[in-house]
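The structure under discussion appears below in the form of structure tokens.
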Amino acid sequence: MSLGPRSRLRKENVDGVIVVSFTDTKIVAEDQIQEVGEELYALVEDSTKKKILLNFGNVQYCSSTVLGKLVSLKRRVDAAKGKLKLCCIHPDLLVPFKLTGLDKVFEIHAEEQA
């Protein structure tokens, strides 16, 4: 008996904000990145609430392809007149954001409560 594919994201509604946490500590494989992207895009399409907080607290490493998915997600959220924020990004994971200037594109907070 198959339970279907396991979600790579954990979603919770907190005061009208969809808080999304990643279940994987490393996001590097192409199929994994594709699944995460599809789940995030579906969230924007399916949700009436367009406030999304991505909690990276569990993520220790991700490939640069993930950054591209995040930029695409931001465009979709902006087009839907929503808000996208990131939080709890490990300092080592922040380096690519800073090198690419994405730390200026995304609103990044140290903690989820921000």
Notebook entry, point to check: If we keep just the residues of segment 87-114 that are assigned to a helix (DSSP H, G or I) and among the hydrophobic types (A, V, I, L, M, F, W, C), which is farthest from LYS26 (Cα to Cα)?
Noted result: VAL105
Item checked: Enumeration of residues in segment 47-86 that are touching a His at 6+ places or on another chain (Cβ under 9 Å), assigned to a strand (DSSP E or B) and surrounded by fewer than 19 Cβ atoms within 10 Å (Cβ to Cβ) -> TYR61, LYS85
Check: Which condition number in (1) modelled with pLDDT under 95; (2) surrounded by 13 or more Cβ atoms within 10 Å (Cβ to Cβ) is the one that ALA42 fails?
Finding: (2)
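The values are calculated or read from the model by the stated rules, or taken from the named source; none is laboratory data. Predicted model only: the values in this text are computed from it and were never measured. Neighbour counts run over all protein chains shown; Cβ positions are idealised from the backbone, glycine included.
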